[in-house]
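Asker: One structure is given below, represented as structure tokens, and several questions about it will come after.
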Amino acid sequence: MAVTVYSHVFNTNPAFPDAQSLLFDDAYAAEGFVADAWAVDIPATVSQFTSLLDVFGDDLDPHLVSRLTDAYGGTDVRLVPVPTVAKHAVELDRVLSTLVGNSWHRFKMVRSQLRACLFYVSPQGWYIRPMIPPTFAHTPFMGPQQRIYLSATLGEGGELERAFGRPMITRIAAPPEWESIGSGRRFFVFPDLAESTNDPFGPGGLHSADTHQPAAQTGPAEASANPADKGGLVGRLIGLRGKCVVLTPDGKSATMIADTLGVPQTERFRPGDTLDGLQPLKIYHPEAPGQMPGVSEFSGARAGRGRVSSV
């Protein structure tokens with residue numbers, strides 16, 4: 001048995017070309033990783049970026065083109081209508097055939113079906129990918145005898161089939177007795193809703209530099225200024241059980257919270273850390289000196305698994 005990341009299966013040189021079975025965890029969130037194997041990235045710094053804009057010509061709003069070619073045009077992403085792509089397929093092929101390096105190899109993978117590709121554009125570049133990834137032509141995916149998909153949110157609208165390029169995936173429903181089985185109690189805390197004028201993460205905490213927060217009123221301190229009392233109210237709540245998940249709106253907030261709680265840099269795991277392997281996880285030493293027990297930084301959260309799918 002081997003544990004790896006999606007990109008080790010879905011790429012031009014897969015690390016597991018002859019697996020017997022594949023088990024996809026968090027399958028509902030894998031669409032981007034699967035499609036990336038056939039995606040073409042064209043940064044705004046290369047000549048093909050403006051050449052593609054020229055191909056679409058009057059089919060793109062002039063104001064949009066102006067923003068796309070402005071270095072300070074923002075981060076908005078637009079999808080070119082598929083009929084417009086099909087209309088200019090020949091000219092698009094001519095421009096994309098001038099790509100070099102890895103971009104050229106990726107373009108060759110989708111060249112024959114360019115009319116059915118999605119063209120996303122932003123001031124940072126073009127992102128071209130098939131509407132449905134052609135996994136049927138990818139031996140490391142089609143070769144295994146069994147493919148199992150784990151997901152907590154398996155809809156019936158075909159999202160999973162579209163993400164993995166499959167005509168049909170059989171759902172295996174949870175047994176009736178599942179509803180009577182528990183996996184432990186969860187205690188949800190919303191520290192920003194606490195009836196206090198103090199920062200829930202303690203003095204100098206997450207909101208200390210937030211000018212939109214109301215000024216603290218004079219009154220008894222809620223958290224000690226002692227360095228041993230890390231994280232204020234939140235830190236004390238974590239200390240009650242020693243294990244928690246902190247949900248944040250962005251990576252910056254996650255980093256600030258980890259700093260406040262004293263999580264060492266060697267025990268922080270971020271998106272992309274395992275793209276080249278699981279080595280970052282091998283250096284994890286829980287409850288290192290100076291760290292609050294059971295606290296690590298993650299820039300996201302995962303849900304429990306409710307159902308299993310298989311093909």
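Asker: Pairs under 8 Å by beta carbon, first residue closer than 11 Å to R162 by Cβ and in contact (Cβ under 8 Å) with a residue 40 or more places away in the chain in segment 25-43, partner of a type in the set (A, V, I, L, M, F, W, C) and assigned to a loop (DSSP other than H, G, I, E, B), six or more apart or different chains?
Answerer: Within 8 Å, the pairs are V34/F10.
Asker: Please specify each residue of segment 154-178 satisfying the condition of being within 29 Å of V246 (Cβ to Cβ) and open to solvent by 90 Å² or more (accessible area, probe 1.4 Å).
Answerer: E159, W178
Asker: I need the full set of residues from segment 54-66 which are assigned to a helix (DSSP H, G or I) and free of Cβ contacts under 8 Å to residues at least 40 places away in the same chain, in order please.
Answerer: Restricting attention to segment 54-66, the residues satisfying the condition of being assigned to a helix (DSSP H, G or I) are 54-59, 62-66.
If the condition is that a residue be assigned to a helix (DSSP H, G or I) and free of Cβ contacts under 8 Å to residues at least 40 places away in the same chain, then D54, F56, G57, D58, D59, P62, H63, L64, V65, S66 are the ones that fit.
Asker: Next question. Out of the residues in segment 99-146 that are assigned to a loop (DSSP other than H, G, I, E, B) and without any contact (Cβ under 8 Å) to a residue 40 or more places away in the chain, state the one that is least open to solvent (accessible area, probe 1.4 Å).
Answerer: Taking segment 99-146 as the starting set, the residues that turn out to be assigned to a loop (DSSP other than H, G, I, E, B) are 99-100, 123-124, 131-134, 138, 143-145.
Adding the requirement that they be without any contact (Cβ under 8 Å) to a residue 40 or more places away in the chain leaves 100, 132.
On the way: V100: 115, I132: 92 Å².
Only one residue fits best here, namely I132.
Asker: Across segment 67-98, which residue is most open to solvent (accessible area, probe 1.4 Å) among those that are part of a loop (DSSP other than H, G, I, E, B) and farther than 20 Å from P43 by Cβ? Spell out the reasoning first.
Answerer: Initial filter on segment 67-98 (part of a loop (DSSP other than H, G, I, E, B)): 69-77, 81, 88, 97-98.
If we keep only those that are farther than 20 Å from P43 by Cβ too, we end up with 81, 88.
On the way: P81: 71, H88: 22 Å².
Within segment 67-98, the match that is most open to solvent (accessible area, probe 1.4 Å) is P81.
Asker: If P83 satisfies all but one of (1) touching a helix residue (DSSP H, G or I) at 6+ places or on another chain (Cβ under 9 Å); (2) at pLDDT 90 or above, what's the number of the condition it fails?
Answerer: Of everything listed in (1) touching a helix residue (DSSP H, G or I) at 6+ places or on another chain (Cβ under 9 Å); (2) at pLDDT 90 or above, P83 misses just condition (1).
Asker: Is it true that L154 is assigned to a loop (DSSP other than H, G, I, E, B) and modelled with pLDDT under 90?
Answerer: Values: assigned to a loop (DSSP other than H, G, I, E, B): yes; modelled with pLDDT under 90: yes.
Yes.
The values are calculated or read from the model by the stated rules, or taken from the named source; none is laboratory data. Quick caveat, the model's predicted, so the values are computed rather than measured. With ideal geometry, Cβ positions are generated from the backbone for all residues, glycine too; neighbour counts draw on all protein chains shown. Protein only, heavy atoms only, side chains kept; ligands, DNA and RNA dropped before computing areas. Shrake-Rupley method; radii C 1.70, N 1.55, O 1.52, S 1.80 Å.
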